[in-house]
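The values are calculated or read from the model by the stated rules, or taken from the named source; none is laboratory data. The shown structure was predicted, so the numbers you read here are calculated from the model rather than taken from an experiment. Backbone-built Cβ (ideal geometry, glycine too); neighbour counts: all protein chains shown. With ligands, DNA and RNA removed, areas are computed over all heavy atoms of the protein, side chains included. Shrake-Rupley method; radii C 1.70, N 1.55, O 1.52, S 1.80 Å.
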Amino acid sequence: EVGDEQRDIAWVLTIIGGTLVVAVLLTTPGKAVLYSGEVSDSDVTTIVQSHCVSCHAAKPIDPAFKAPPKAVVLETLDDLRRHNRQIMVQSVNARAMPLGNKTGMKDEERAKLGAWLSRQ
């Protein structure tokens with residue numbers, strides 16, 4: 001009967017629902033730390049050199065990449081301005097970059113980067 005088939009697969013809906021809830025929780029952006037002080041071009045360059053350029057360079061030094069991910073190069077202030085929105089979303093708001101936070105980017109650095117980007 002048709003009802004029997006639905007009962008046989010009903011457990012799948014529970015797994016799908018649970019997986020969806022976990023996915024939403026894992027991808028919800030954390031609370032951004034606000035930074036109200038002055039952030040110089042030099043401050044931002046230091047942050048980006050420390051946490052981004054090993055992958056997002058014309059020739060990445062991170063062994064995981066032969067080319068910059070998504071062709072995003074972040075070697076100059078103009079590069080940062082050009083990719084402003086992507087950086088804000090990925091590094092400041094969602095905290096997805098650096099990938100796995102492998103370079104140990106701190107909340108204050110994210111806040112400074114976000115403050116600088118918002119003023120561009």
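What ranking, highest mean first, results for peptides 49-56, 96-103, 7-14 when packing means the other Cβ atoms within 10 Å averaged over each residue? Mind showing how you got there, number by number?
Details: 49-56: 19.8, 96-103: 14.8, 7-14: 9.1.
Ranking, from highest mean packing down: 49-56, 96-103, 7-14.
Please enumerate, by chain and number, the aspartates and glutamates with C-alpha under 17 Å from the C-alpha of K106, excluding those fewer than 8 residues away in the same chain. The reachable aspartates and glutamates, counting only those whose Cα sits under 17 Å from K106, are D43. Of the accessible area of the chain, with the probe set at 1.4 angstrom, what percent is carbon plus sulfur? C and S fraction of accessible area: 60 percent. The modelled label-to-label distance between D8 and R81, using points 7 Å beyond Cα along the C-beta direction, is 6.4 nm.
Per residue Cα convex hull volume for the range 31-120, in cubic angstrom?
Numbers: hull volume 7.7 nm³, N = 90.
Given the Cα convex hull of the range 31-120, per-residue volume reads 85 Å³.
For the chain, what is the mean residue ellipticity at 222 nm derived from helices alone (per DSSP H run of n ≥ 4: -39500 (n - 2.57); sum divided by total residues; nearest 500 deg cm²/dmol)? That comes out to -15000 deg cm²/dmol. Shown for the chain are the DSSP H helices of 20 Å or more along their axis, judged by Cα atoms, with a mean Kyte-Doolittle hydropathy of at least -1.0: 2-27.
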